[in-house]
Amino acid sequence: MTNAEVLLADFDLEISNTRRTLERVPEDHSDYKPHEKSMPLGRLAMHCATLSQFGAYILQDEGMDMAAPRHPHVPLVFTSRAECLAALATSAAACRAALAGATDAHLQMPWEFRFGEQLISRDSRLLSFRKMYFNHLIHHTAQLGVYFRLLGVPVPALYGPSADEPWSPK
């Protein structure tokens, strides 16, 4: 099994979990923030929906400099749950296609992440994809679960049962 095949299995699970979570975003609470330092719920949902584009950049670009972005900034504006899910479908399809085409040799190549002169990381694409995309997506999807709990929205069972839903393996 290639590294890309292993990552694709994880990818499909994480996108499924993210989709199941985004399907519950309450449209009437998109401005909700549990704390003054928190991201508003709608913005967080759109971040989760579009984060797969970052995964695609890790796989396709030579590196990324946050001080001089190569790709246009996509505003994280929540308009509706349907638009959010459509954004997830689009970004996930782009990332999945890039991952499906990645060879082991390509995934072992270094990927530089910087902010101007400051080097943030120079790990392999494989490790960068796992740390900076998967972990990032899982973190923010879990944050949505906290927002849901505080708003009384049932929290989906993602890796095991939640207090609101039994878990069953797919």
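The values are calculated or read from the model by the stated rules, or taken from the named source; none is laboratory data. It should be emphasised that the depicted structure is a prediction, and the values quoted were computed from it without experimental measurement. Note that each Cβ is placed from the backbone with ideal geometry, even for glycine, and that neighbours are counted across all protein chains shown.
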Could you check region 118-170 and list, in sequence order, the residues that are within 15 Å of D10 (Cα to Cα) and hydrophobic (A, V, I, L, M, F, W, C)? L126, L127, F129, M132, F134, L137, I138, L158
Given (1) closer than 14 Å to L22 by Cα; (2) touching a helix residue (DSSP H, G or I) at 6+ places or on another chain (Cβ under 7 Å), A157 misses just (2)
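Considering only region 38-48, I want to know if a residue exists there that is touching a strand residue (DSSP E or B) at 6+ places or on another chain (Cβ under 8 Å) and under 12 Å from Y133 (Cα atoms).
Within region 38-48, none of the residues are touching a strand residue (DSSP E or B) at 6+ places or on another chain (Cβ under 8 Å) and under 12 Å from Y133 (Cα atoms).
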Residue count, region 101-122, condition outside any loop (DSSP other than H, G, I, E, B) and within 19 Å of P69 (Cα to Cα), comes to 11
Is it the case, given these coordinates, that R96 is more than 30 Å from E27 (Cβ to Cβ) and either at pLDDT 95 or above or not charged (D, E, K, R) (or both)? no
How many residues does region 102-127 contain that are within 15 Å of A56 (Cβ to Cβ) and either without any contact (Cβ under 8 Å) to a residue 60 or more places away in the chain or in contact with a His (Cβ under 8 Å, 6 or more places away or on another chain) (or both)? 4
Could you tell me whether Q108 is surrounded by 12 or more Cβ atoms within 10 Å (Cβ to Cβ), within 17 Å of the chain's Cα centre (by Cα) and polar (S, T, N, Q)? no
Conditions (1) surrounded by 21 or more Cβ atoms within 10 Å (Cβ to Cβ); (2) without any contact (Cβ under 8 Å) to a residue 24 or more places away in the chain; number of the one not met by F78: (2)
For region 33-48, enumerate the residues that are assigned to a loop (DSSP other than H, G, I, E, B) and aliphatic (A, V, I, L, M). M39
Scan region 43-75 for residues that are over 22 Å from R125 (Cα atoms) and in contact (Cβ under 8 Å) with a residue 40 or more places away in the chain and jot them down. L44, A45, M46
Here are the criteria: (1) in contact with a strand residue (DSSP E or B) (Cβ under 9 Å, 6 or more places away or on another chain); (2) surrounded by 14 or more Cβ atoms within 10 Å (Cβ to Cβ). Tell me which single one G116 does not satisfy. (2)
Among S38, S16, S30, which is within 17 Å of the chain's Cα centre (by Cα) and closer than 18 Å to T141 by Cα? S16
